[in-house]
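The values are calculated or read from the model by the stated rules, or taken from the named source; none is laboratory data. Remember, it's a predicted structure, so these values are computed and weren't measured experimentally. FYI the Cβ positions are ideal-geometry reconstructions off the backbone, even for glycines, and counts take in every protein chain you see.
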Amino acid sequence: NQIEDEQYGADLSLAGKINTIYQKGDVVWLSTREGIAKTKQQQNEYKFSVYRHDLNPENEFLLNATAFLDHNNNDELWVGTETNGLFRINGKTMKQVAHYILDENDDKSFSSFGVKTLHGSSDGAVWIGTAGEGLYRYNKNEDNFDHWSVHNGLPSNTVLSIISDKDGAIWMGTRRGISKLQKNKNIQSFEISDGLPADIFNQGSVAIHTNGNLSFGSVSGLTTFDPKAIVINQEAPKLAISSVEAIDYDGNRSPVDFRGDQFKVNHEIQTLSINFVGLTYNKTAKNQYQYTLDNYLNNWVQNGNDRSVAFQGLDDGEYTFQFKASNNDGVWNETPYVIGMVVTP
């Protein structure tokens with residue numbers, strides 16, 4: 001079977017597996033590895049316009065398109081691809097408007113080659129789920145992107161489906177469960193231990209019902225729930241340091257006494273390792289951590305669920321180590337744990 005162009009017939013056609021089907025109004029878009037076809041039903045039949053990548057190699061969006069989105073009621077169409085990243089095109093002329101790729105000098109650029117899903121929310125935002133780089137939101141006014149990954153609390157960097165609930169919160173199906181991006185931008189995640197039938201969810205398999213319930217398709221069946229019934233754990237973790245170790249150039253470890261509000265180490269050590277914890281009694285494996293070291297770092301570092309950090313090459317002087325933690329539902333202890341550190345000459 002193949003999709004044939006209305007004008008050229010079998011001389012201009014697409015064959016093979018259909019990657020995705022997208023409908024906006026009376027226009028339907030389809031994609032295969034070879035290209036894109038669009039159609040509008042006319043008198044109970046579909047007549048296709050076919051666009052092949054091998055005949056238009058300058059249009060990289062034609063190669064293995066995986067997702068479409070027509071969100072702002074104009075001629076522009078968002079196209080996600082398997083290996084060439086994200087595009088905006090003119091859906092009438094089939095010409096490229098913009099191609100979003102990694103800019104190493106701009107941390108607000110789009111940095112994924114693989115797009116799995118696209119979603120337009122009611123506030124006009126465009127959301128992109130990627131194959132290994134997490135979740136992106138396009139900022140139209142700035143022409144750039146906000147980004148969430150495992151370092152911000154996502155359980156997986158592969159986001160396979162996205163949908164908005166009736167309150168405007170963003171929900172995602174991933175390779176490690178279902179996640180909710182709350183309005184405060186914290187992430188709440190759910191996995192098998194929370195009652196899901198599986199951790200791996202299917203690409204594009206998501207729907208919202210008229211009563212507001214959400215359904216996600218997984219490798220082990222369908223999960224349907226009322227997002228309003230989800231309760232958030234509001235108790236922030238208690239913070240503590242569990243150990244501090246000095247490691248010399250031979251790999252020998254020496255415990256450091258960190259009692260009180262300051263500790264000392266010699267500058268001749270190779271590595272300083274600090275282990276910390278956010279103490280809760282509910283799914284502590286989901287806790288997330290951030291840290292900074294004043295006089296060494298200029299920002300807070302997202303540490304995911306890793307409860308340790310190592311510093312090397314510290315000059316003699318005074319430093320202040322701080323860390324924060326969130327609980328399993330993304331509620332942060334906003335008052336950091338603070339301890340001073342002196343590196344002696």
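Residue 33 fails exactly one of the following numbered conditions: (1) under 18 Å from residue 91 (Cα atoms); (2) under 29 Å from the mean Cα position of the chain (by Cα); (3) of a type outside the set (Gly, Ala, Ser). What is the number of that condition?
Here residue 33 clears every test but (1).
Can you name the residue in the stretch 220-261 that is surrounded by 15 or more Cβ atoms within 10 Å (Cβ to Cβ) and of a type in the set (Gly, Ala, Ser) and is also modelled with the lowest pLDDT among such residues?
By that ranking, first place goes to 236.
For the stretch 116-135, check the following and say yes or no: at least one residue is more than 17 Å from residue 162 (Cβ to Cβ), of a type outside the set (Asp, Glu) and free of Cβ contacts under 8 Å to residues at least 40 places away in the same chain.
no
Looking at 67, 98 in this structure, which one is part of a strand (DSSP E or B), within 21 Å of the chain's Cα centre (by Cα) and either crowded, with 18+ Cβ neighbours inside 10 Å or assigned by TED's automatic domain parsing to the domain that holds residue 126 (or both)?
On inspection, the qualifying residue turns out to be 67.
Scan the stretch 101-120 residue by residue and report those that are more than 18 Å from the chain's Cα centre (by Cα) and at pLDDT 95 or above.
The answer is none; no residue qualifies.
Could you list, in sequence order, the residues of the stretch 4-53 that are assigned to a strand (DSSP E or B) and either among the acidic types (Asp, Glu) or not assigned by TED's automatic domain parsing to the domain that holds residue 95 (or both)?
4, 5, 11, 45
Provide a single number: the residues in the stretch 268-282 that are of a type in the set (A, V, I, L, M) and either under 30 Å from residue 234 (Cα atoms) or not assigned by TED's automatic domain parsing to the domain that holds residue 324 (or both).
Just the residues of the stretch 268-282 that are of a type in the set (A, V, I, L, M), to begin with: 269, 272, 274, 277, 279.
So of that shortlist, the ones also either under 30 Å from residue 234 (Cα atoms) or not assigned by TED's automatic domain parsing to the domain that holds residue 324 (or both) come out as 274, 277, 279.
Within the stretch 268-282, residues that are of a type in the set (A, V, I, L, M) and either under 30 Å from residue 234 (Cα atoms) or not assigned by TED's automatic domain parsing to the domain that holds residue 324 (or both) number 3.
When you check residue 75 against the structure, is it more than 26 Å from residue 130 (Cα to Cα) and modelled with pLDDT under 90, yes or no? Before you say what the answer is, go through the steps one by one.
Numbers: more than 26 Å from residue 130 (Cα to Cα): no; modelled with pLDDT under 90: yes.
When the stated conditions are applied, residue 75 does not pass them.
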